[in-house]
Amino acid sequence: MGSLDSGGSCGRFVTMKVDLTATQLRRIRRWIALGKFTTPTEAVNAALRQFDVEQPNRNQRLRELRASLALGLEQLDAGQTFDGASVVREIRQGLRKKLRHGDRA
């Protein structure tokens, strides 16, 4: 795991050493080369902002998934099952309908 070393500050920034994998470093450099960011600091700040936005949503999605799994297990225990071929057929029909009509379906 990487290490974080806080250092001195300059203006509103505080210097911190962060160890990145080679892949992470390439990604940041690629983002800068593509013009998405002008500095590594901008790239890290954007990633942190995105994390702050996604984290609460992730937790909510996990709660919903756990509730769905619990319901599915209850239905299985009660013998409320579906024939796999029928389910696949319904999914295919739904997808074909969406392709024909766009996302309005």
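Please treat every number below as a calculation from the coordinates, not as lab data. For clarity, every value in this text was computed on a predicted model and none was experimentally measured. Backbone-built Cβ (ideal geometry, glycine too); neighbour counts: all protein chains shown.
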Q: Taking only Cα atoms and a 10 Å spring cutoff, compute GNM fluctuations for the chain and point out the largest among ASP52, ASP83, ASP19.
A: ASP83
Q. When the Karplus curve 6.51 cos²θ - 1.76 cosθ + 1.60 is applied with θ = phi - 60°, which whole-Hz ³J(HN,Hα) does each residue of the range 19-35 get, with x for Gly and Pro?
A. 8, 10, 6, 4, 5, 4, 4, 4, 4, 4, 4, 5, 4, 5, 4, 7, x
Q. Which whole-Hz ³J(HN,Hα) couplings does the range 40-45 yield from phi under the Karplus relation 6.51 cos²θ - 1.76 cosθ + 1.60, θ = phi - 60°, glycine and proline marked x?
A. x, 4, 4, 5, 5, 4
Q: From the P(r) of the range 8-53, can you give the percent of Cα pairs sitting at distances over 18 Å?
A: 36 percent
Q) What spacing in nm lies between the two simple spin-label points modelled at ILE91 and ALA47, each 7 Å away from Cα in the Cβ direction? A) 3.3 nm
Q.
If you take every residue apart from PHE82 with its C-beta less than 12 Å away from the C-beta of PHE82, what net charge results, scoring Lys and Arg +1 and Asp and Glu -1?
A. -1
